[in-house]
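The values are calculated or read from the model by the stated rules, or taken from the named source; none is laboratory data. What you see is a predicted model; the values in this text were computed from it and never measured. Heads up, the Cβs are rebuilt from the backbone with ideal geometry, glycines too, and the neighbour counts pull from every protein chain shown. These area figures cover heavy atoms from the full protein model, side chains too; ligands, DNA and RNA do not enter into them. Shrake-Rupley method; radii C 1.70, N 1.55, O 1.52, S 1.80 Å.
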Amino acid sequence: MGAGGAGFPTAVKLQRQAETYIVNAAECEPLLHKDKELLLHYGAEMLAGLRTAMERVSARRGVIGIKEKYEDVMAALRPQLSAGMEICPLRDVYPAGDEFVLVYDVTGRVIPPGGLPLDVGAVVSNVETLINIARNRPVTHKFLTVAGAVAEPVTLEVPVGMSIGEVITAAGGATVNPFEVLVGGAMMAKIAQGLRQPVTKTTGGLIVLPRDHQLIKRYLREWIAMDRIGKSACDQCSFCTELCPRYLLGHPIEPHKAMRALCFAPDKDRLMMGTLYCCECNLCSLFSCPEDLDPKDVCAHDKKIARQRGLGWQGLPEDIKPHPVGNYRRVPTHRLMAKLGLTGFRNVGPLEDRGLAPKRVVIPLQQHVGAPAVPTVRPGEAVRAGDLIATPPAGKLGANIHASINGRVGAIEGTIEIVSG
């Protein structure tokens, strides 16, 4: 399966044909450094994985999309590029790593609303996924950056199923107390449900923040408050829409209309339809809105209703035209970090080998798009790292899951516990 946030099974992507294979190395979330560090240390393996992937989909062009500020990484990669491969320098903006934005920047083509990169002849994979392809072995470990209020911001390779509390300890521990942990990037994270929560194949980062930090307060805001405050405070300035990356690509998403639908609007279906095409990058809520409202969460809420009502865009692909000033409305990362209150944290994440070997892992059966995997082992059974422990249900989209440490299988309840020794 893919090592990106969505966890889409890579094998499915490699079954199709495409003109261009794009490496998503944009890593536009503040404080995260995993992809850049992997390219510095494992660039040859990534390129080997890219060659294999290009062959599988018959791509004539392989493009590595990486921020132009990483000159050292690009200089190291260029001499190793094979025929048909190139580097596409990207601006240091958010969300440069959004799949739709990246495909447009690389190919000049706009993926239609609700579509896939294949609709414009492209396939996209992230850096770690391509390294896994090159290694051609069961995926048992995950690379991630530990950042924020920790003693040693660092990028680590950790066994899948290791608790995030143990990972934070490996980064020197939190430097504040009390604290909360954002799993993923600052803009699209979820708050950890406790320090025992396990690392999965899609965990790209852990950001430790003081419990009273503005981001933690925003992520803890409940829907009833978002609804009430949105109804009373939204003045329809439309800044959320004017800076929306998908709107700027020409997609029919207008977050300010979703905010209007909170009130007594006569045609809520029309106002909610566009929420189906929201990528939930959170730029509208955490940067654009001058009132600190929650357009993203309103769009995510309305998206479910729109699906239930069978709403959808009825246009043609040729109707989609990028906004003429879209390139001038991209949000610089340094401006975003200042708005988020993250400039006080060290913005580094060197890759280090800490030899992490937990005594216990808890591996979720649902780590990916599709159906949860079905266990192939039983409690008490001995397993070794790399052994198959769960497979997708017959005929369903999913991914295999493997043991990440040597040990004995414990409880199986939506997860598979493995205890070392």
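Some points to look at:
- Evaluation of His368 against (1) open to solvent by less than 70 Å² (accessible area, probe 1.4 Å); (2) over 28 Å from Lys36 (Cα atoms); (3) in a loop (DSSP other than H, G, I, E, B) (one fails), failing number: (2)
- Looking at region 150-259, the strands (runs of 3 or more DSSP E) lying wholly inside it that each contain 2 or more residues that are under 18 Å from the mean Cα position of the chain (by Cα) and over 20 Å from Val361 (Cα atoms) sit at 205-210.
- For region 107-149, a residue qualifies if it is under 19 Å from the mean Cα position of the chain (by Cα), open to solvent by 20 Å² or more (accessible area, probe 1.4 Å) and closer than 16 Å to Ala26 by Cβ, and exactly one does: Asn126.
Residue by residue, here is whether (1) more than 26 Å from Val57 (Cβ to Cβ); (2) hydrophobic (A, V, I, L, M, F, W, C) holds:
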residue	(1), (2)
Ala122	no, yes
Glu128	no, no
Ile131	no, yes
Arg135	no, no
Val139	no, yes
Ala149	yes, yes
Glu157	yes, no
Gly161	yes, no
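- Count - residues of region 388-418 that are closer than 15 Å to Leu365 by Cβ and part of a loop (DSSP other than H, G, I, E, B): 11
Residue-wise test of (1) under 17 Å from Asn282 (Cβ atoms); (2) touching a residue at least 40 places away in the same chain (Cβ under 8 Å); (3) in contact with a Cys (Cβ under 6 Å, 6 or more places away or on another chain).
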site	(1), (2), (3)
Pro159	no, yes, no
Val176	no, no, no
Ala186	yes, yes, no
Gln214	yes, yes, no
Glu222	yes, no, no
Arg228	no, no, no
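- Cross-chain or 6+ apart pairs with Cβ under 6 Å, region 71-82 first and closer than 16 Å to Gly49 by Cα, then among the charged types (D, E, K, R) and open to solvent by 80 Å² or more (accessible area, probe 1.4 Å): Ser82/Arg51
- Assessment of region 95-106 against the conditions (among the hydroxyl-bearing types (Ser, Thr, Tyr), on the phi < 0 side of the Ramachandran plot and open to solvent by less than 40 Å² (accessible area, probe 1.4 Å)) yields no matching residue.
- When region 65-94 is filtered for residues that are small (Gly, Ala, Ser), within 16 Å of Val123 (Cβ to Cβ) and either open to solvent by 50 Å² or more (accessible area, probe 1.4 Å) or over 23 Å from the mean Cα position of the chain (by Cα) (or both), only Gly84 remains.
- Here Ile363 meets each of (1) open to solvent by less than 20 Å² (accessible area, probe 1.4 Å); (2) touching a Gly at 6+ places or on another chain (Cβ under 8 Å); (3) closer than 30 Å to Pro332 by Cα with one exception, condition (3).
- Among the residues listed as Glu413, Glu417, the single one being crowded, with 17+ Cβ neighbours inside 10 Å, over 24 Å from the mean Cα position of the chain (by Cα) and among the charged types (D, E, K, R): Glu417
- Any pair with Cβ under 9 angstrom, 6 or more apart, that starts in region 369-396 at a residue that is more than 16 Å from Pro159 (Cα to Cα) and ends at one that is of a type in the set (Val, Ile, Thr) and in a loop (DSSP other than H, G, I, E, B): Ala390/Thr376; Ala390/Val377; Thr391/Thr376
- Test: residue in region 268-289 that is within 16 Å of Cys237 (Cα to Cα) and in a loop (DSSP other than H, G, I, E, B): yes
- Any hit, region 244-264, residues being at pLDDT 95 or above, within 30 Å of Pro358 (Cα to Cα), open to solvent by less than 60 Å² (accessible area, probe 1.4 Å) and not aromatic (Phe, Trp, Tyr): no
- Close pairs from region 332-356: first closer than 25 Å to Arg218 by Cα and among the hydrophobic types (A, V, I, L, M, F, W, C), partner assigned to a loop (DSSP other than H, G, I, E, B) and open to solvent by 40 Å² or more (accessible area, probe 1.4 Å), Cβ under 7 Å, at least 6 apart: Met337/Thr343
- Scope region 151-161; condition open to solvent by less than 10 Å² (accessible area, probe 1.4 Å) and either out of contact with any Phe, Trp or Tyr (no Cβ under 9 Å at 6 or more places or on another chain) or at positive phi (or both); matching residues: Val154, Pro159, Val160, Gly161
- Considering residues of region 392-408 that are at pLDDT 95 or above and closer than 25 Å to Arg135 by Cβ only, the residue most open to solvent (accessible area, probe 1.4 Å): Asn406
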